[in-house]
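Following: one structure in structure tokens, then a few remarks.
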Amino acid sequence: MRQRDVLAERAEVEAEIAGQTLVDWFRRAEEESGDEPALSDRTGEGPEAEWSTLTWSEYRQAALDTAAALVHAGVRPGDVVALMLPNRSEHLIADAGAVHAGAVPLTVYATFAPEQVAFVAADCGVRVAVLQGAAELERWRLALDRLPELHTVVLLDADAVPADAPDGRRHVSWADFAAEGARLRAADPAPVEERMAAVRPEDNATLLYTSGTTGNPKGVYETHHQILFQCTISLRANETPYRATSLSYLPMAHIAERVLSAYLPLRVSGHLYFCPELSRLGEFLRLVRPHGLFGVPRVWEKLQAGLVAALAAAPEEQRTAIEAAAGVARDYFEQGQYGRVREPGLAERFARADAEVLAPIRALIGLDRAVYCLTAAAPVPEDTVRFFSGLGLLVRDLYGMTENCGAVTMNRPDAYRFGSVGPASEGMELRIAEDGEILVRGPINASGYLGRPEESAALLDTDGWLHTGDIGRLDEDGFLYVVDRKKEIIITAGGENIAPAAIEGRLKEHPLIGQALAYGDRRPYPVALLTLDGEAAPAWAAANGLGGMGLAELAEHPRVQDEVARAVEAANAGLARVQQVKRWRLLPGEWSVESEELTPSLKLKRRIIHSKFADVIDSLYDG
């Protein structure tokens, strides 16, 4: 790969976004595309369903009205406004309203348990919460009980607004809140205009929470400058059309979805459609036909499974033609990797096969207009990449994290290698430390964690390198390969980041369970390996008429199994849905230093346990 001048790349991007904020990008989008569609929600069900659409002008004006309502409610610059809403227009309107009020929007995962919601709300000092309805209000009840400074609760579902406010705070429907903002701004636009004018590139534009190994999430602020830089280098790495059509379906609490749905459309005046549930992604892809799709590996695997089933039902003659065309497409992308040269005539054969056979198949899943297909969070299976390349779609891996506002590497259409996560993005530097850890430096790195100076110091060194906690290698052309994880974070096949310690701590709250290991890396859900406590289990057995049995016998006894099942159920009640243990196995003996599952300080040797009990773990995902 050509020698990069990182400083020159960085300077070019900085010059493009100098002095600008998301407020400026919103204004420009309205000026350039005010009458063009911006946000679309599906209303109704079945054949009667229709799209309800806001133009860019309507979107921005609704955001400004929301800002006026927030200012009137007492939101100050820098205050945190929490959102727990599904993917729909009101989510982004509330988010943008907070930005224009100089506040900081925070989307909280709707799957968080009440205790996790309360922790996050207290950790960042939430002042206003915008929630979907009664279920979300109940999930926030603990936080409301503990945080008197959380003074306003806005509910999208007007029927969920309490008839009275026994806790002394204001509860209001979204419709009334928005109408109030419109009246206030019509009477006096100055308060919002002053807030907008005061926003600076270095101000925080959003707050996200990432899993911590201790179990509690960690807050990461992203500034306007970080976001604009990330969007600019992402657009340069992809062939995103002006006024591109895109589909929002991942949680807005995830940095990838924020960049793709909340921010990038501002820069290209895009048209964003909302898919209300992940389970309906296939349906909405066919309806929307977006210009691109980002999906964690599990998304691509599900799309693959659906297409494989559909193609298997095709007549044999058609299947033969499809496989021949797919072979040409696979060769085309295989030989198109960086540093290789395609054989003469291959491009022409691919163009014919694509037009005659493959494009109509892509239309079956709504990806016939897709000019980019991206994946991240966990390695996508090689057979899945090969399958989609056989359909004429290059699924490109990227790498990044919340702590650097999204992607820091990306395979590009003109520079990709299978198995890698691509070269460094423009203006970003990569280095491999002596112990193999991937280090990243550049303008999109976060400054640290909210209220955690020690962990912030471990994240960023004095030379500005961010320590990712991942192990990797760089090839001779600068392509990064992620080899392993230094930190103990599970990334499921669905892309959720899960701290195993959070799960294990809950499981071990029951006295019978002495040791627990949560597993789920690259898998669809967490499972657990459990051992009985060598002291507590015999005492429990004696009290329950099972005295005299050893640990191995107890582990198989139905009454012990039933008690452990209740313990797992109780643990799950305190965990977010994505953290909850779906299946578990009680092992016959304890782990020890002597048997090599524990370190001398009695910490779990996770890789040893994974290896020794691989068959048991695999069995928990069978059937």
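The values are calculated or read from the model by the stated rules, or taken from the named source; none is laboratory data. Predicted, not measured: the structure shown is a model, and the values here were computed from it. A quick note on method: Cβ atoms are made from the backbone with ideal geometry, for glycine too, and the neighbour counts reach across all protein chains shown.
Taken residue by residue, the stretch 44-65 has at least one member that is under 26 Å from the mean Cα position of the chain (by Cα), basic (Lys, Arg) and closer than 26 Å to residue 104 by Cβ. Screening the stretch 405-480 for strands (runs of 3 or more DSSP E) wholly inside it with 3 or more residues that are loosely packed, with under 15 Cβ neighbours inside 10 Å, at positive phi and at pLDDT 95 or above returns no ranges. One residue alone among 352, 340 is of a type outside the set (Gly, Ala, Ser) and in a helix (DSSP H, G or I), and that residue is 352.
Please return the ranges of helices (runs of 4 or more DSSP H) entirely within the stretch 498-593 where 1 or more residues are under 28 Å from residue 218 (Cβ atoms) and under 32 Å from the mean Cα position of the chain (by Cα).
Working: elements: 500-507, 536-543, 551-556, 558-573.
Result: 500-507, 558-573.
Residues that are under 20 Å from residue 78 (Cα atoms) and touching a helix residue (DSSP H, G or I) at 6+ places or on another chain (Cβ under 8 Å) were ranked within the stretch 144-168; the one that is surrounded by the fewest Cβ atoms within 10 Å (Cβ to Cβ) is 147. Would you pick out the residues in the stretch 300-323 that are among the aliphatic types (A, V, I, L, M), free of Cβ contacts under 8 Å to residues at least 60 places away in the same chain and not in a loop (DSSP other than H, G, I, E, B)? Once the filter is applied, which keeps residues that are among the aliphatic types (A, V, I, L, M), free of Cβ contacts under 8 Å to residues at least 60 places away in the same chain and not in a loop (DSSP other than H, G, I, E, B), the stretch 300-323 yields 305, 309, 310, 311, 312, 321, 322. Scanning the stretch 520-579 for residues being of a type in the set (Asp, Glu), farther than 15 Å from residue 503 by Cβ and surrounded by 13 or more Cβ atoms within 10 Å (Cβ to Cβ) gives a total of 3. Of all positions in the stretch 478-491, at least one carries a residue that is in contact (Cβ under 8 Å) with a residue 24 or more places away in the chain, out of contact with any strand residue (DSSP E or B) (no Cβ under 7 Å at 6 or more places or on another chain) and not assigned by TED's automatic domain parsing to the domain that holds residue 519. All conditions in (1) out of contact with any strand residue (DSSP E or B) (no Cβ under 9 Å at 6 or more places or on another chain); (2) within 25 Å of residue 618 (Cβ to Cβ) hold for residue 511, with the sole exception of (2). Scanning the stretch 227-242 for residues that are among the hydroxyl-bearing types (Ser, Thr, Tyr) and surrounded by fewer than 17 Cβ atoms within 10 Å (Cβ to Cβ) yields a total of 1.
Can you tell me which residue in the stretch 405-422 is farthest from residue 491 (Cα to Cα), limited to those that are out of contact with any strand residue (DSSP E or B) (no Cβ under 6 Å at 6 or more places or on another chain) and of a type outside the set (A, V, I, L, M, F, W, C)? Break it down into steps so the answer makes sense when it comes.
Our first condition is that a residue be out of contact with any strand residue (DSSP E or B) (no Cβ under 6 Å at 6 or more places or on another chain); within the stretch 405-422, this holds for 412-415, 417-419.
From what's left, of a type outside the set (A, V, I, L, M, F, W, C): 412-414, 417, 419.
On the way: 412: 24, 413: 26, 414: 29, 417: 22, 419: 18 Å.
Once the filter is applied, the top-ranked residue is 414.
Which residues, taken from the stretch 10-40, are buried (at least 19 other Cβ atoms within 10 Å of the Cβ) and either charged (D, E, K, R) or farther than 20 Å from residue 92 by Cα (or both)? Of everything in the stretch 10-40, those that are buried (at least 19 other Cβ atoms within 10 Å of the Cβ) and either charged (D, E, K, R) or farther than 20 Å from residue 92 by Cα (or both) turn out to be 13, 17, 30.
One residue stands out among those in the stretch 247-283 that are modelled with pLDDT of 95 or more and over 19 Å from the mean Cα position of the chain (by Cα): the one that is surrounded by the most Cβ atoms within 10 Å (Cβ to Cβ), which is 270.
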